[in-house]
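Everything below concerns the one structure shown next.
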Amino acid sequence: MKILLTGAGGQIGHDLIGALAARGHEVVSTDLAPRPPSHAHAQAGKWRRLDVTDAGATLAVFEEHKPECVFHLAAILSASGEKNPKLAYDVNQTGTWNVLEACRQTGVSRLVFTSSIAVFGPPPSGPLPDPTPDDVALHPTTMYGVTKVAGELLCAYYTQKHGVDCRGVRFPGLISAAMPGGGSSDYALFMYVDAVRKGGYDAFARSDTRIPLMYMPDGVRALLEVAMADRAKLTRSIYNIAAFSPRADEIAASVQRVIPDAKFTYSPDPRRQAILDSWPKSLDDSAARNDWGWAHKYDLDGMTDDLIPRVRRMLELGAVLSTH
Ligand code: SER
């Protein structure tokens, strides 16, 4: 299948490109930035510059490549988006509109949308239920979350009105040996990175912070599975998916199983802590499990065992990563 990715230079694209190519798909990767050096192992397919906020350029790239399926990954994440809400609105909201319109106008049959736990926020009536189901009132506290809610609704609209088959998942915080890009959940990966390179990490979150997390191989597999699922089996457009929900100090203990001397301290950053506290502690993903057989493979310790050697290799290859 011919597949186009937006935002291919980000943390998900890093792993998704290779997974698609390995399954024999023809991949066209697009991003505002050139192919990052860290994508060296994922040289598969073409790389095209694309700014999704530019409707004309988006349409032109779609017309040139005529993809059958699009994975729309381009987004400004929660912490970066609060620093620059206008940019988050332009990329996440206008960009999603432009991508949906390009799909409609060029006859793309399927769009895979990447939503997030950031669509949730504390409802006025009290805390979010734990676990949080798919259908609760959505009260996001970030521009990123606001635009992801709107993107989910646009996906359902384009499916009903225009026959663009949009489906997708609400990702937990994703962890992998690749540069994250301005998310509030990045503390979880940084616990691994700084444990390996500095022997410890001063986290920007409280020790009792608990949000849903997922290891990237499961996240990529979820995208592939929801993309290929039989439409007749889907009862909704966008699905909660879950893996594990550890407290920050439970992540620390998992790292210390492998790096016993690693030291962890906690200096919460009020801005990012408030975002983390607004998210669900865990997700109810029973609809994904029932409709398309979703099942995570990695638990926290399984991820730790696989991830630490990969983080070591990433650092040996000279990755420059700010963990602030
Ligand atoms: N990982 C994202 C963030 O922290 C949530 O989708 O913004």
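The values are calculated or read from the model by the stated rules, or taken from the named source; none is laboratory data. Keep in mind the model is a prediction, meaning the values are calculated, not measured. Cβ atoms come from the backbone with ideal geometry, glycine included; neighbour counts cover every protein chain shown. All accessible areas refer to the heavy atoms of the entire protein, side chains included, with ligands and DNA or RNA removed. Shrake-Rupley method; radii C 1.70, N 1.55, O 1.52, S 1.80 Å.
Observations on the structure shown:
- Against the test of being in contact (Cβ under 8 Å) with a residue 12 or more places away in the chain, surrounded by 18 or more Cβ atoms within 10 Å (Cβ to Cβ) and within 16 Å of the ligand (Cβ to nearest atom), the options LEU128, LEU111, LEU100 yield a single qualifying residue, LEU128.
- Taking (1) in a loop (DSSP other than H, G, I, E, B); (2) closer than 19 Å to MET303 by Cβ in turn, ASP208 satisfies each apart from (2).
- Qualifying residue in the range 215-235 (condition: more than 16 Å from the ligand (Cβ to nearest atom), open to solvent by less than 20 Å² (accessible area, probe 1.4 Å) and among the hydroxyl-bearing types (Ser, Thr, Tyr)): no
- Selection count where residues are in a helix (DSSP H, G or I) and under 18 Å from VAL119 (Cβ atoms), scope the range 65-93: 11
- Subset of the range 280-321 (residues that are among the small types (Gly, Ala, Ser) and either open to solvent by less than 30 Å² (accessible area, probe 1.4 Å) or at pLDDT 95 or above (or both)): SER282, SER286, ALA287, ALA288, GLY293, ALA295, GLY302
- Condition met for ARG272 (among the basic types (Lys, Arg), open to solvent by 20 Å² or more (accessible area, probe 1.4 Å), in contact (Cβ under 8 Å) with a residue 12 or more places away in the chain and closer than 14 Å to SER185 by Cα): yes
- Filtered by the rule that a residue be free of Cβ contacts under 8 Å to residues at least 12 places away in the same chain and assigned to a loop (DSSP other than H, G, I, E, B), the range 285-301 gives a lone residue, ALA295.
- Enumeration of residues in the range 193-202 that are touching a residue at least 60 places away in the same chain (Cβ under 8 Å) and either of a type in the set (D, E, K, R) or closer than 14 Å to ILE175 by Cβ (or both): VAL193, ASP194, ALA195, VAL196, ARG197, TYR201, ASP202
The rows are residues; the columns are (1) out of contact with any Cys (no Cβ under 9 Å at 6 or more places or on another chain); (2) more than 12 Å from the ligand (Cβ to nearest atom); (3) open to solvent by 10 Å² or more (accessible area, probe 1.4 Å).
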| residue | (1), (2), (3) |
| --- | --- |
| LEU153 | yes, yes, yes |
| CYS166 | no, yes, no |
| VAL169 | yes, no, no |
| VAL193 | yes, yes, no |
| VAL196 | yes, yes, yes |
| GLY199 | yes, yes, yes |
| ARG210 | yes, yes, yes |
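- Residue list for the range 45-72, filter: free of Cβ contacts under 8 Å to residues at least 24 places away in the same chain and among the acidic types (Asp, Glu): ASP51, GLU64
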